[in-house]
Amino acid sequence: MSDAGGAAMAFARDLVRFAGRGGPTLVLLALAVALVEAAALALVAPLLALLAGQAVSAHIIGRAMAGLGIDTPFGQLAALLCAIGALWVSRGLMGWSRDLRFGTLAIGFAETQRRRLVERLAAAEWGHVAALSHSRVVQALGTDIVRISQATQMLIQLAVAAVLLGAFAIVALTLAPLLAGIALVLLGLLGVVLALGLRRTHDIGTLAVQANLVLADASARFLGGLRLAASQNLQPSFLAGFENGLAAVRDRQIDYLRQQGGARLMVSGAALTVGAVVALVGRGWLDTPLPQLGALLLVLSRLGGPVTQIQQALQQLAFALPSHSAVNALVASIPPSPPSEPIDCAALPERATLHVDHVRFAHGGRGTAGSGPPVLDGVSLDLVPGEIVGLTGASGAGKSTLADIIVGLLTPQAGYVRLGDVPLVGAAASAWRDRIAYAVQEPYLFHASVIDNLRWGARPVDEAAIWQALEAAQAGDLVRGLPHGLGTLVGERGALLSGGERQRLALARALLRGGSLLILDEATSALDSATEAHIFERLRAALGTSRAILVIAHRRETLGYCDRVLRLHDGRLTPDGLNADQ
């Protein structure tokens, strides 16, 4: 089976599975619409005969009307017009219901694919997520999902058109079997020719997915590095990369339009040819009566609609299928987390010491535990509630890795982490994360208001608690001085604030979250010494005996606020890191 055929089968299988028990109902509705329209077309031949002054008593419709006592030409004409009108009204109402149901199915299927990817990302181990390309994930959640929705609509349109085609073919065969057979053979040959071009369209779609990924990556780099580029006059190089991505996407779109236009031209030419052949053979060879031939030509003209729809649907489906394959491949590349029994966060011991005991960790090829050189080798650490512990060491020594293990984002290859006597693995690790507040050197702020950023991840708090946390983080005067106070937008990633202002807001957010452990990973590196001193003074006053603080830092001034300092070197912890060479 070709790549295009295999992708189509996988897509159809997923769609049928999603439709579930409602799928047969939709199929029956589509069939009913086709039968009603076919019935209306079947009445055209006797209608034309009546208009031409011919009797329809020999026609099955004429006999049916005679049985109902409708035997005058005018009465039969009125009855046929009423019947055709009623059928078309019914067809319109049923078609509206069909399109609404199918559209809802397409939207729901696309959203299910997006939700499936997001849920897999949310449940995956952090190491696997960190190893992914953000551009690939953004493209999958955006462009690829849109194309999956389009592919769903095209597959539905293809099925509906196929049902209509079958119904119209039956009507045509009842009107003039030989002529209709000739027309259907010619259309079948056209279908074979069009099918040969679908693989090319699928290949163009695959290249389009790759080109969009290049463009997404260029866009991310452009937005992420715009400030650096502006400060060093590097905008031309960023624009060049962006233009290259645009050119690749544009070329693929033009290839697709060229392919689609050629197929459309072929269908139009074939429709004219089939109509001409039927007219010539019908009158010049078979001497088919004009009402019968006219009705057949009308049916064939209506049959051309489903043929065109099938051609367009197949082209667009083949173009969009690579997006479905790309999303499936991305989901498959993220290993699911092992199932674990739920645990209540309240079941974890209160005010217990956190024990890190003989932990060993080595990064693998995807950012998870692997067999490379150990970053941490036999690391042991106790974090006692009410204590501020400093952690220092050279860049790349493994400080953030140790913090990720403490948080439960990474699982050590050897050793364990436990809270009191409870091992923090599986559901217990997840429950433990509900008690952790984290502030980092480059805090993540949404393009939203100050108060929205402060409340993200925090427990329900009132405005008084918000201002209390802001004062503790030395950010009260900062927020009061903003144009709209708590309602001021901070820009994407806090771009409208300075580095120190972003760090103070992130500290306030961490304080609002509360919990048993506060981790500060270079969280005050952008602050001056006086501001930092005030913050640690407030932290120590609010610490009490219920919360431990782990401070990861390089500056001696920062480490000086800690009760004890440990240095990480060659995978091991050394006491009195503050006094070691740094």
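In segment 407-420, the residues that are on the phi > 0 side of the Ramachandran plot form Cβ pairs under 9 Å with partners that are polar (S, T, N, Q) and modelled with pLDDT of 85 or more, at six or more places apart or across chains, as follows: GLY415/SER380; GLY420/THR353. The listed residues are ALA508, ALA526, ALA475, and the only one of them that is closer than 14 Å to ALA439 by Cα and open to solvent by less than 30 Å² (accessible area, probe 1.4 Å) turns out to be ALA508. Taken over segment 437-468, the criterion of being outside any loop (DSSP other than H, G, I, E, B) and open to solvent by less than 10 Å² (accessible area, probe 1.4 Å) is satisfied by ALA437, ALA439, VAL450, ASN453, LEU454, ILE466. The residues on offer are PRO412, PRO374, and the sole one that is in a loop (DSSP other than H, G, I, E, B) and open to solvent by less than 40 Å² (accessible area, probe 1.4 Å) is PRO412. Annotation note: of LEU31, LEU41, LEU47, LEU15, the sole residue that is open to solvent by 30 Å² or more (accessible area, probe 1.4 Å) and either part of a helix (DSSP H, G or I) or without any contact (Cβ under 8 Å) to a residue 60 or more places away in the chain (or both) is LEU31.
Taken over segment 83-111, the residue count meeting the criterion of being surrounded by 16 or more Cβ atoms within 10 Å (Cβ to Cβ) and of a type in the set (S, T, N, Q) is 1.
Counting the residues of segment 323-332 that are open to solvent by less than 10 Å² (accessible area, probe 1.4 Å) and either within 13 Å of GLY6 (Cβ to Cβ) or among the small types (Gly, Ala, Ser) (or both) gives 2. Only a single item in (1) in contact with a Phe, Trp or Tyr (Cβ under 9 Å, 6 or more places away or on another chain); (2) modelled with pLDDT of 85 or more is not met by ARG493, and it is number (2).
Scanning segment 126-142 for residues that are open to solvent by 80 Å² or more (accessible area, probe 1.4 Å) and within 28 Å of ALA431 (Cβ to Cβ) returns a single hit, TRP126.
Considering only residues in segment 399-416 that are in contact with an Asp or Glu (Cβ under 9 Å, 6 or more places away or on another chain) and of a type outside the set (A, V, I, L, M, F, W, C), the one that is nearest to ARG555 (Cα to Cα) turns out to be LYS399.
The values are calculated or read from the model by the stated rules, or taken from the named source; none is laboratory data. Remember, predicted model here, so these are calculated numbers, not experimental data. Glycine gets a Cβ as well: all are built from the backbone with ideal geometry, and neighbour counts include every protein chain shown. Accessible surface is based on the protein model in full, side chains and every heavy atom, while ligands, DNA and RNA are left aside. Shrake-Rupley method; radii C 1.70, N 1.55, O 1.52, S 1.80 Å.
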